[in-house]
1. Report, ordered by the first and then the second residue, all pairs with beta carbons closer than 7 Å, sequence separation of six or more or different chains, a first member in segment 122-133 that is assigned to a strand (DSSP E or B) and open to solvent by 10 Å² or more (accessible area, probe 1.4 Å), and a second member that is more than 6 Å from the ligand (Cβ to nearest atom) and of a type in the set (S, T, N, Q).
2. If you go through segment 247-272, how many residues are at pLDDT 95 or above, polar (S, T, N, Q) and open to solvent by 20 Å² or more (accessible area, probe 1.4 Å)?
3. Which one is most open to solvent (accessible area, probe 1.4 Å), of the residues in segment 47-69 that are within 13 Å of the ligand (Cβ to nearest atom) and part of a loop (DSSP other than H, G, I, E, B)?
4. Return yes or no: is ALA176 outside the structural domain of ASN87 (by TED's automatic domain parsing), open to solvent by 40 Å² or more (accessible area, probe 1.4 Å) and within 13 Å of the ligand (Cβ to nearest atom)?
5. From the residues in segment 221-230 that are open to solvent by 10 Å² or more (accessible area, probe 1.4 Å) and within 20 Å of the chain's Cα centre (by Cα), which one is farthest from the ligand (Cβ to nearest atom)?
6. Kindly provide the set of residues from segment 157-215 that are more than 22 Å from the chain's Cα centre (by Cα), in a strand (DSSP E or B) and in contact (Cβ under 8 Å) with a residue 40 or more places away in the chain, ordered by number.
7. Could you list, in sequence order, the residues of segment 179-191 that are open to solvent by less than 40 Å² (accessible area, probe 1.4 Å) and more than 13 Å from the ligand (Cβ to nearest atom)?
8. Looking at ASP109, ASP102, which is the one that is open to solvent by less than 40 Å² (accessible area, probe 1.4 Å) and more than 16 Å from the ligand (Cβ to nearest atom)?
Amino acid sequence: MNDQYAVIGNPIGHSKSPLIHAAFAKQTGQALVYSALLAPVDGFAQAVDAFRAAGGRGMNVTIPFKLDAYRYASDLTERAKHAQAVNTLKFEGARVLGDNTDGAGLVRDIEHNLGFNLAGKTVLVMGAGGAARGVLLPLLACKPSALTIANRTPQKALDLAQRFAAHGTVRASDYAGLAGDRYDLIVNATSSSLNEQLPPLPPRLFAPGALAYDLMYGKGLTPFLAFAEANHAQILADGLGMLVEQAAESFYVWRGVRPEAQPVMALLRNAA
Ligand code: ATR
């Protein structure tokens, strides 16, 4: 029987992960089956136990279970510890490795697919929730000259800046406090696009050649990317590349083989 993998979440019906991993398996010639698993919101551990008992080898974890998965894992990677969230589980007998590939997916999309080198750049991350926590360590590992975290609730940005201070020059701000700053990269890690909203950004934040990256994706420009375009950001990117690259990184964690993400990104864009 082929090795079994799955994405677990609630809801799960719209997940693109089965399509992405089926394409990766075909591309790399790996024999595996990847399905989508809907679990009750209070039934994560039971659902994972059952999947493992049936021979499952690994899982992707999505909303609302990334914290449950963090707690479920017996071993955590550094990047999962810093994110305090797990999106990838690998089952090895009695042990369960918990990893987080979201930040690596973002960095790979930025540096490899978009050709934007992060070293020495000024970076602004908007948001201080789970999505922001997941990307901070991999971003800092690329040695930007400074990274600012801005959040509507400033205390949460301050807490994060303190927690990551050992990994680079990190400062916290509210949105008004950004006035006069210039950034080479601005990442929207807030959930504001979900409500068609935009954090209250001051004008002229984008340095020449700047990249605007929204972790969300959908049809057309998100409110943040529309703002970025109007404010002369040079490169606009939504989260589709990150979605496919985090999946490629999970695939690598499980199989030791790294699939090419770009053909699968093209597949998804054409299907949209
Ligand atoms: P996620 O897992 O997507 O990060 P979260 O942990 O609930 O979700 O965090 C949501 C983030 O989006 C927070 O940083 C939140 O700001 P607060 O901490 O002040 O709540 C931010 N956010 C959501 N809607 C926003 C809006 N309309 N404007 C600015 N920030 C917003």
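The values are calculated or read from the model by the stated rules, or taken from the named source; none is laboratory data. Keep in mind it's a predicted model, so treat the numbers as computed, not measured. Here the Cβ positions follow ideal geometry from the backbone for every residue, glycine too, while neighbour counts run over all protein chains shown. The accessibility values were calculated without ligands, DNA or RNA, using every heavy atom of the protein model including side chains. Shrake-Rupley method; radii C 1.70, N 1.55, O 1.52, S 1.80 Å.
1. Final answer for the pair search is THR122/SER145.
2. So the count comes out to 1.
3. ILE63
4. yes
5. Across segment 221-230, the extreme among qualifying residues is LEU221.
6. ALA207
7. Of everything in segment 179-191, those that are open to solvent by less than 40 Å² (accessible area, probe 1.4 Å) and more than 13 Å from the ligand (Cβ to nearest atom) turn out to be ASP181, TYR183, ASP184, LEU185, ILE186.
8. ASP109 is the lone residue from the list that is open to solvent by less than 40 Å² (accessible area, probe 1.4 Å) and more than 16 Å from the ligand (Cβ to nearest atom).
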